[in-house]
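Enquirer: To start, I am sharing the structure in question, which I have written as structure tokens.
The values are calculated or read from the model by the stated rules, or taken from the named source; none is laboratory data. Keep in mind the model is a prediction, meaning the values are calculated, not measured. Positions of Cβ are generated from backbone atoms using ideal geometry, with glycine treated the same way; all protein chains shown enter the neighbour counts. Only protein heavy atoms, including side chains, enter the accessible area calculation; ligands, DNA and RNA are left aside. Shrake-Rupley method; radii C 1.70, N 1.55, O 1.52, S 1.80 Å.
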Amino acid sequence: ANPDCLACECDTDKFLETLKAESFIELKELSRQLEILKKSSFLKRLPLEKIEDLVGKMMVQKYQINAQITKKKEKGQYIFFILSGIVGYETKKISTNSNEDSDITEIVEYKESECIGKNLLFEDRYSETTFAKTECELLIIDSNLFRITLGPTLTSYLKDSLTIIDKTIEINILNYLQVYI
């Protein structure tokens, strides 16, 4: 070796067992999943050990184009993280004219590492209908297992962070005060 380096030898089976994988292919996939979860704005402030715990308890689910993932107001069971692809949901388009009441909808997109169903931390129904806009791979975890894995303190922390950013507030219920330039 040039420059000098330290090399270590380890039994392959012991190495994989320590990392909780059965093969190097599985280890590579678990690493990919961990990287996606670490990028998630929803989980970014959690300790790495907790994110690693979540990876070991999640499953990968594939969805074809236009497949429904969640249904608004339907009792929810799973929280999803996007591994690949784009997930969409419809929302009412917010009108810039305060006198205009708009029923026009637009498609909003969730992309890699974004979380779907996080509202299940404080209610039991999905807040939106989502569908696969492209072929998708999603990491899924039962919402109860998610809570148990994180424990009450971290679950409470995530709930608090969600209530700070409330996407359910619509512009038409706010009062116009002044525009600053």
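Enquirer: Could you order GLU35, GLU9 so the one with the most accessible surface comes first? Probe is 1.4 Å.
Expert: Output order, biggest surface exposure first: GLU9, GLU35.
Enquirer: Which helices pass in the chain if a helix is a full DSSP H run, must span at least 20 angstrom along its long axis by Cα, and must have mean Kyte-Doolittle hydropathy not below -0.5?
Expert: The answer, listed by residue number, is 24-39, 143-164.
Enquirer: Mind checking which of GLU22, GLU112, GLU52 has the largest fluctuation in a GNM of the chain, springs on alpha carbons under 10 Å?
Expert: GLU22
Enquirer: Among VAL108, VAL55, VAL87, which one shows the biggest mean-square fluctuation in a GNM of the chain, springs joining Cα atoms closer than 10 Å?
Expert: In the Gaussian network model the winner is VAL108.
Enquirer: What does a probe at LEU16 reach in region 25-51, counting residues whose amide N is under 12 Å from the point 7 Å along Cα→Cβ?
Expert: Of the residues in region 25-51, 25-28 have backbone N under 12 Å from the label point off LEU16.
Enquirer: Among the listed pairs LYS14/LYS111; LYS20/LYS133; LYS72/LYS111, give every one whose C-alpha distance is greater than 27 Å.
Expert: Where the Cα-Cα span goes over 27 Å, the pairs concerned are LYS14/LYS111; LYS20/LYS133.
Enquirer: Right, another one. Tally Lys/Arg at +1 and Asp/Glu at -1 over every other residue whose Cβ is under 13 Å from the Cβ of GLN61; what's the total? Don't jump to the answer; show the numbers that get you there.
Expert: Numbers: positive: LYS62; negative: GLU135, GLU137, ASP142.
Taking every other residue near GLN61 into account, the sum is -2.
Enquirer: Which of THR105, THR155, THR134 moves most in a GNM of the chain, Cα contacts under 10 Å?
Expert: Checking each option, the largest mean-square fluctuation is seen for THR105.
Enquirer: I would also like to ask the following. What pairs from LYS38/LYS73; LYS38/LYS118; LYS71/LYS92 go past 18 Å between their alpha carbons?
Expert: With Cα atoms farther than 18 Å apart: LYS38/LYS73.
Enquirer: Can I ask one more? How high is the relative contact order of the chain? Use alpha-carbon pairs under 8 Å, at least six apart in sequence, and give a whole percent.
Expert: Values: 261 pairs, mean separation 46.9, N = 181.
Reported as a whole number, the value is 26 percent.
Enquirer: Another one. In what order, largest first, do SER143, SER127 sit by accessible area if the probe radius is 1.4 Å?
Expert: Per-residue accessible area, sorted high to low, gives SER127, SER143.
Enquirer: Using a ≥ b ≥ c from the Cα gyration tensor of the chain (square roots of the eigenvalues), is it rounded, prolate or oblate, where a/c under 1.5 gives rounded and otherwise the larger of a/b and b/c decides, a/b for prolate?
Expert: Because a/c hits 1.5 or more and a/b exceeds b/c, the chain counts as prolate.
Enquirer: Right, something else. Which value, in Å² and to the nearest 10, is the accessible area of LYS71 when all protein chains are kept and the probe is 1.4 Å?
Expert: In the full protein context, LYS71 sits at about 100 Å².
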